[in-house]
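Where a number appears in this text, it was derived from the coordinates with a stated rule and is not lab data. The structure presented is a predicted model; accordingly, all values stated were derived computationally and were not measured. Neighbour counts are summed over all protein chains in view; Cβ atoms, including those assigned to glycine, are modelled from backbone coordinates with ideal geometry.
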Amino acid sequence: MSGAWVFVCGPSGAGKDSVLEAARQLLSSRPDIVFARRMVTRAAQAGSDHDAVSEAVFLDLLASGGLSWHWQAHGYSYGIARRYERDVLAGCRVVVNGSREHVLGLAPAPGLRVVEVTANPQQVASRLIQRGRDSSSAVADRLARNGSFSGLQADMVIVNDGALTDAGRCLADYLSK
């Protein structure tokens, strides 16, 4: 695989961010694999994998063509800067922490790959509660929403029920092909 966008998506609580970080660390010496930073209209927290932007800045980027990809999820706007297109054109794999809903709306294309990170529902619920970002009703809403993504066509599925190092290695191996 070369010159591709790789969208990594999955339900909140599946451990997608952790799997991405584990793979990023394993692949840190690979300049041909680029982990894109998302822009999100929510405040960054310790360990966040995104750059916080205001809604006004986001709308300016959108209007000026500064985003390659953008979507809405959980009341926030998400975007990937257009500058990452140069990496794809140069033959790199650009890894995007994406949204299942956004990916469902994308037409299949040769330079587009999808990796889904999943976990069993009990682990997802436990992780959502532990991170403390959502109320109990919001956790319930997120869990209920997970059932609506059965049509996702992933090129690879990583079940993150075991050791994080195993899931990170699976993603790193996939990206290295």
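Once every DSSP H run of n ≥ 4 in the chain is given -39500 (n - 2.57) and the sum is divided by its residues, what mean residue ellipticity at 222 nm do you get, rounded to the nearest 500 deg cm²/dmol? Intermediate values should be presented prior to the final figure.
On the way: 7 runs with 66 residues, N = 177.
When only DSSP H runs of four or more count, the value is -10500 deg cm²/dmol.
Hey, if you put +1 on the Cβ of every Lys and Arg and -1 on every Asp and Glu Cβ in the chain, which of 81, 26, 58 ends up farthest toward the positive end of that dipole?
26
Assigning unit charges at the beta carbon (Lys, Arg +1; Asp, Glu -1) and nothing else, what dipole magnitude in debye, to the nearest 20, does the chain show about its Cα centre? Can you show the working numbers first?
Working: 19 positive and 17 negative charges, 24 e Å.
With Lys and Arg at +1 and Asp and Glu at -1, about 120 debye.
Using Cα pairs under 8 angstrom and six or more residues apart, how large is the relative contact order of the chain, in percent?
Details: 298 pairs, mean separation 65.2, N = 177.
That works out to 37 percent.
Place a +1 charge on the Cβ of each Lys and Arg in the stretch 1-44 and a -1 charge on the Cβ of each Asp and Glu, then give the dipole magnitude about the Cα centre in debye, rounded to the nearest 20.
Values: 6 positive and 3 negative charges, 28 e Å.
So the dipole magnitude of the stretch 1-44 works out to roughly 140 debye.
Amide H to amide H under 5 Å from residue 3: which residues, 5+ apart in sequence or cross-chain, H placed 1.01 Å off N in plane?
When sequence neighbours closer than 5 places are left aside, the close amide H contacts are 91, 92, 93.
Using the Karplus equation 6.51 cos²θ - 1.76 cosθ + 1.60 (θ = phi - 60°), what ³J(HN,Hα) coupling, rounded to whole Hz, does each residue of the stretch 160-177 give in order, writing x for Gly and Pro?
With coefficients 6.51, -1.76 and 1.60, one gets 9, 9, x, 5, 4, 4, 5, 5, x, 5, 4, 5, 4, 5, 4, 5, 7, 5 Hz.
Cα convex hull of the chain: how many Å³ per residue? Can you show the working numbers first?
Details: hull volume 20.5 nm³, N = 177.
About 116 Å³ per residue, rounded to a whole number.
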